[in-house]
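The values are calculated or read from the model by the stated rules, or taken from the named source; none is laboratory data. Computed from a predicted model, the values in this text were never measured in an experiment. Quick reminder, even Gly has a Cβ in these numbers, built from the backbone with ideal geometry, and neighbours come from all protein chains shown. Remember, those area values only see protein heavy atoms, side chains included, never the ligands or the DNA or RNA. Shrake-Rupley method; radii C 1.70, N 1.55, O 1.52, S 1.80 Å.
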Amino acid sequence: MEIKDLKLSRELNEAISKMGFTELTPVQRDGILPVLEGQDVIVQAPTGTGKTCTFGIPLIENISPQDKKLGAVVLCPTRELVIQTAEELTRLARYKKGINIVPVYGGQPIDKQILLLKKRPQIIVATPGRLIDHLKRKTIKLRELKMLVLDEADEMLNMGFRDDLDIILKNAPEERQTVLFSATMPQEIIDIADNYQKENPVHIKVTGEELTVSTVKQYYLEIKLANRTDAIGRLIDANKYKLCMIFCNTKKKVDEICAELRQKRYPAEALHGDMKQMQRDRVMSRFKKGLAGILVATDVAARGIDIDGVDAVFNYEIPDDFEYYVHRIGRTGRAGNEGVSYTFASGRDIKKLKELMKYTKSEIVLGTLPSLKEVKKINLEGIRDTVIRILENDDVSDYHDYIDSAFEGVPSSHIAAALLKLMNEGEKKEEDKPGNEDFVRMFVNIGKMDKMGTNNMIDLLKSGGVSFEQIGKIDIGEKFSFIELEREASEIVTQTLNGTYYKKRKITFELSGKKKKEKPAVSKKQVKKPSSQGRRKK
Ligand code: CDP
Ligand code: MG
């Protein structure tokens, strides 16, 4: 079924065609018409099945720009989802001038929201907690509400919004339409539907089965926990993945894996529920812009987030709830693109993997881990291709002159080999590091002898008020260690941690002066004066 079969208004049709799709997803095929007709609908479907448009299209179609009353409220569990949903609705409303959509969520100054609310929006997208705040202040009134959407309802319950939902639902006019979306249907959701929806709502269910078949190639790799981060790095290198998501079952693992990847100089960032909203926003926007191409996340934190162009999903562990697996791999292969997922398993997990395949009715095939040699070969081939392209298309005569004078007498194959090494090994080092220029290097007088490890160090820094993303490379030495920290964080730790104790040792953090210089790429014996340009950048 196609969009045009819905016989929508011209404004909607044009907006949707501008968004770039013509076919309806299964949820939309079954859901849009009932919602359009004003029926209560309850939808069970995994992430990425097009739920936003399922309520968004009818919502925008039915709302009149002239009517300056609050007609619809959409509730979402997190701030990210509120923003994302408000953006999608705004795209749908592009050609219906006068429709005002306001996102409302915790963490944003309330006065700012109140100002926006004074402009009498017809649609509010909100997290439950903040909506209640506004109801109490009477800055939002639900008197005229015609439609209430509960998006990701199970997640809202998981996040403890049960009481808030009750208050909101009780405050909304009885004569209204209630549309409920949930990935899972635990009893609590059924209760909400029973209590707050009209009798016999339209039920729509799309299972993981329909989702996983399509565009995601699913692999598993039999690799022990201790080696999984290395394996991820290798797969990323060998396949040149630009945007990846790594899922872990716990927040602790998320932090650990992220730290390990960053130590290996991969541009990884963590996303989990313990982070402040501001940090989460920053992480998401850096990921979306491709500035930090590896997102390490828990299931809850990543729920519902819609990002196109994710090349690969890694399941560091098999999730305990198999439904999560479907959600996880649904982040790649979106919008008809090819995607790939890798699931790590070892020992007893293999049995779990078999159950998972049965549950998802899909085949997860044994993948192969590229060897280091292969990775190197692939990298070198990439460089070779680039060099050939440059030789074919660009004028490099300036560089010729420089080489002649700077590397007098050195055979050109030597120079080329050194440059190749620089490109191959130097690349992933300084340049890709998130916010590298704001980082300083600190010395701390504690090391392995004090039973200090990377994770203990992270815990220690956090206890001193530093957030995870302010921490860069950690080098734990025998008696002391070096840590890269954001400048601001370095000031914080000297104040909060210096003079306190780790085990029995008094802690001292201090700035460690300049970074260690890299060795020149060409040794002095070969060339009389290796100029600074002969070295790595920085
Ligand atoms: O809410 P849910 O996780 O089901 O998915 P979504 O956030 O609505 O994301 C669906 C993505 O597919 C969005 O990027 C849409 O623009 C796109 N899409 C759609 O919603 N409907 C189609 N018929 C085709 C694409
Ligand atoms: Mg959604």
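Taking a ≥ b ≥ c as the square roots of the Cα gyration tensor eigenvalues, with a/c under 1.5 meaning rounded and otherwise prolate when a/b beats b/c, else oblate, which class fits segment 349-490?
On the way: a/c = 2.56, a/b = 1.24, b/c = 2.06.
Taking the square roots of the gyration eigenvalues as a ≥ b ≥ c, segment 349-490 is oblate.
Looking at the chain, what % of its DSSP beta bridges pair antiparallel, to the nearest 5?
Numbers: 16 of 65 bridges.
In the chain, DSSP labels about 25 percent of beta bridges as antiparallel.
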With a 1.4 angstrom probe the carbon and sulfur portion of accessible area for the chain, in percent, totals 51 percent
Can you give me the distance in nm between label points at Y402 and K276, each placed 7 Å from the Cα along the Cα-to-Cβ direction?
4.3 nm
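With every protein chain left in place, what is the accessible area per residue of the chain in square angstrom, probe 1.4 Å? Write out the running numbers ahead of the final one.
Values: 27250 Å² over 538 residues.
On a per-residue basis, 51 Å².
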On a 1.4 Å probe surface of the protein chains, which of M278, M457, M449 comes out largest in accessible area, and what is the full order?
M278, M449, M457
Suppose we keep just the alpha-carbon trace of the chain; what are its Rg and Dmax in angstrom?
27.2, 88
In degrees, nearest 10, range 0 to 90: what is the angle between the Cα axis of helix 277-288 and the longest Cα principal axis of the chain?
70 degrees
Solvent accessible area, Å² - V444, 1.4 Å probe, full protein context
0 Å²
Run the 1.4 Å probe and let me know the accessible area of M185, rounded to the nearest 10 Å².
50 Å²
Share of Cα-Cα pairs in segment 294-351 lying beyond 20 Å, as whole percent:
23 percent
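Which value, in debye to the nearest 20, describes the size of the charge dipole of segment 303-458 about its Cα centre when Lys and Arg Cβ atoms bear +1, Asp and Glu Cβ atoms bear -1, and nothing else is charged?
Numbers: 22 positive and 29 negative charges, 275 e Å.
It works out to roughly 1320 debye.
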The relative contact order of segment 1-129, taking Cα pairs under 8 Å that sit 6 or more residues apart, comes to a percentage of 27 percent
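List the GluC sites (Glu not before Pro) within segment 1-39 that fall in a DSSP loop (any state other than H, G, I, E or B) and whose Cβ has at most 14 other Cβ atoms within 10 Å.
On the way: sites: E2, E11, E14, E23, E37; in loops: E37.
Listed in order of number, the matching sites are E37.
Pairs of alpha-carbon atoms within less than 8 angstrom and 6+ residues apart define the contacts here; what relative contact order does the chain have, in percent? Could the numbers behind the result be given before it?
Details: 887 pairs, mean separation 64.9, N = 538.
With pairs under 8 Å counted, the relative contact order is 12 percent.
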Hey, which aspartates and glutamates would be in cross-link range of K96, C-alpha to C-alpha under 18 Å, not counting anything within fewer than 8 residues on its own chain?
E11, E14, E61, D67, E87, E88
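Between N424 and F443, 0.36 nm times their residue separation minus their Cα-Cα distance comes to what?
Values: separation 19, 0.36 × 19 = 6.84 nm, distance 2.92 nm.
Residue separation times 0.36 nm, minus the Cα-Cα distance, leaves 3.9 nm.
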Spatially close lysines, pair count over segment 192-333: Cα under 19 Å, gap of eight or more or interchain:
17
Report the extension gain between T368 and I114 in nm, rounded to one decimal, defined as 0.36 nm multiplied by the number of residues separating them, less their alpha carbon distance.
85.9 nm
Cross-link reach from K136 to aspartates and glutamates, straight Cα distance under 20 Å and at least 8 residues apart if same chain, gives D111, E144, D163, D164, D166, E174
Point-charge dipole on Cβ atoms (K/R +1, D/E -1) for segment 1-106, about Cα centre, debye to 20
380 debye
Pick out, from L372, G290, F247, the residue whose Cα sits farthest towards the positive end of the charge dipole of the chain, with +1 on the Cβ of Lys and Arg and -1 on the Cβ of Asp and Glu.
L372
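Per the helix-only calculation at 222 nm, which mean residue ellipticity applies to the chain, given -39500 (n - 2.57) for every DSSP H run of n ≥ 4 and division by its residues, nearest 500 deg cm²/dmol?
Working: 21 runs with 224 residues, N = 538.
-12500 deg cm²/dmol, from helical runs alone.
Dipole of the chain, Cα-centred, from +1 at each Lys and Arg C-beta and -1 at each Asp and Glu C-beta, to the nearest 20 debye?
Working: 90 positive and 80 negative charges, 428 e Å.
So the dipole magnitude of the chain works out to roughly 2060 debye.
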Compute the Cα gyration tensor for segment 125-179, then decide on rounded, prolate or oblate, letting a ≥ b ≥ c be the square roots of its eigenvalues: rounded whenever a/c is under 1.5, prolate when a/b is larger than b/c in the other cases, and oblate in all that remain.
oblate
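Against the empirical 2.2 N^0.38 Å scaling, what ratio does the C-alpha Rg of segment 147-287 come to?
Values: Rg = 20.3 Å, N = 141, 2.2 N^0.38 = 14.4 Å.
Computed over Cα atoms of segment 147-287, the ratio equals 1.41.
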Which one, Q108, L145, V125, is farthest towards the positive end of the dipole of the chain when Lys and Arg carry +1 and Asp and Glu -1 on their Cβ?
Q108
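Sorted by mean Cβ packing within 10 Å, highest first, what order do the peptides 496-502, 103-109, 310-316, 400-406 take? Mind showing how you got there, number by number?
On the way: 496-502: 14.0, 103-109: 18.0, 310-316: 24.3, 400-406: 11.7.
Averaged packing, sorted descending, gives the order 310-316, 103-109, 496-502, 400-406.
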Please state the shape class of segment 70-188: rounded when a/c is under 1.5, otherwise prolate if a/b exceeds b/c and oblate if not, all from the C-alpha gyration tensor.
rounded
